[in-house]
Amino acid sequence: MEIRLYIQMLLRNWWIIVVTALVALVASLGVSYLAVPQYEAVARFIINPSATITASADVVRSLDTLDRPSVAATYVEVMNSQRIFSDSINALGINSSDPSLAGYSVQAIVLPSSSVLQLSVSGPNPKVAAELANMIGNQSINYAKRVNSVYNLEFLDTAFPAVVPVSPAPLRDASLALVLGLFGGAFLAILSEQVRMPIESLRRRTFIDQGSSAFTRRYFQSKLEEEQARSKSGDIGLGLIQLEGLTGLAETLPTILAQQLFQEVTRRLRNELRGNDIVGRWGSVEFAVMLPSTPAVAAERTLNRIRLALSEPIVISHTKETVQLLPYTAVTVSKAQEPVAALINRAEEALIQSRRNHLAGTTTVSA
């Protein structure tokens, strides 16, 4: 059920998903177009025991020590050091204050389960990146020879200028941006629905009675005033229904059962009305119906149908008990330009008269 609800949210707000995905795609293409291409040069090195070690025991010890991660990690730190980088740019004759150096990055790592190091240098100039990678390698080798005679650090592969930049990659970045935009758009679509639903719920509470799903009395009365102001001849029927069988019972029932009961009443009322007729909750056990453009005779017939429909007992689903509504009905038809307050007074007096005369099941009409 929840999955179906989320799917409905996405379908209702599909345009949010499309717009978000397109924005992400355009932004990615824009960044790729404006970004400076970056080229990567890669050199590899191998660590092995020095040729100066001749005793077999020394060779075995050096090989055992070489298996320790700390040995390779030490050489990685040497390659990544600022000192080696400074020595390398000086050896290449590059001014250390050149602002273009800020565009180059150096990263050395140990390849998994090996004594091989990989040095990557990225920057805007592929030739400078390759030269810098090889020079950092040479400087690291020379430094290692001065401080450690047990192991040799040697080139396995030298770096060459790259032909294709590693970034930006417009096709890859655009595809990733499109996927992220779709996911982001789906999140925003669901979020907007979650925000809108409470607002819609609050808005509905201003004109929908939560217990019965009929219009509230205030909203019903405002629609009655609008219809009376629009009508030139009157003939607007106002029917009132009092459910004597629910007096005292509605307050004792659990909320969910009371809602079920009153919503069934609303459903039966709507079944007996036309498309432009409306139903309102008038009181705790009273309902009202508005019948636009309805003469007195037609209004009386409608209220009789309503009385018969509500005379049928309602079965409470949880307890399987039946509830007799015992409806009293009255209807009043408005006169031309009659104030709505006067129309309501006449309808309420007719309903009171109906009860006084014990005319349960009989419609009282006030001309």
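Values quoted throughout were computed directly from the atomic coordinates according to the rules given, and no laboratory measurement underlies them. Given the structure is predicted, the values throughout are model-derived calculations rather than measurements. Cβ: placed from backbone, ideal geometry, glycine included. Neighbour counts: every protein chain shown.
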When we measure straight from the Cα of residue 320, which lysines land under 21 angstrom away, once same-chain ones fewer than 8 places off are left out? none
What distance in nm separates the simple spin-label points at residue 182 and residue 357, each placed 7 Å from Cα in the Cβ direction? 7.1 nm
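How high is the relative contact order of region 293-332, in percent, counting Cα pairs under 8 Å that sit 6 or more residues apart? It would help to have the intermediate numbers written out before the result.
Working: 31 pairs, mean separation 15.7, N = 40.
Taking the mean separation of contacting Cα pairs over the length of region 293-332, I get 39 percent.
Counting helices only, and only those DSSP H runs with n ≥ 4, report the 222 nm mean residue ellipticity of the chain as the sum of -39,500 (n - 2.57) divided by its residues, in deg cm²/dmol to the nearest 500. List each step's numbers first, then the result.
Working: 12 runs with 191 residues, N = 367.
Counting only the DSSP helices, I get -17000 deg cm²/dmol.
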Work from the charge dipole of the chain (Cβ charges, +1 for Lys and Arg, -1 for Asp and Glu, about the Cα centre) and give the residue of 20, 38, 82 farthest towards its positive end. 20
In straight Cα distance, which lysines are under 24 Å from residue 335, not counting same-chain residues fewer than 8 positions off? 223, 232
Here are labelled values, (i) 125, 49, 27; (ii) 63, 47, 41; (iii) 65, 54, 39, and one is the computed Cα extents along the principal axes in Å for what I pasted. Which one? (i)
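Quickly rank 260-268, 306-314, 322-330 as a protection proxy: mean count of other C-beta atoms within 10 Å, highest first.
Working: 260-268: 18.8, 306-314: 17.2, 322-330: 20.8.
For the peptides 260-268, 306-314, 322-330, the packing ranking is 322-330, 260-268, 306-314.
Any idea what the relative contact order of the chain is, in percent, if you count C-alpha pairs under 8 Å spaced at least 6 apart?
Numbers: 610 pairs, mean separation 65.2, N = 367.
For the chain, the relative contact order is 18 percent.
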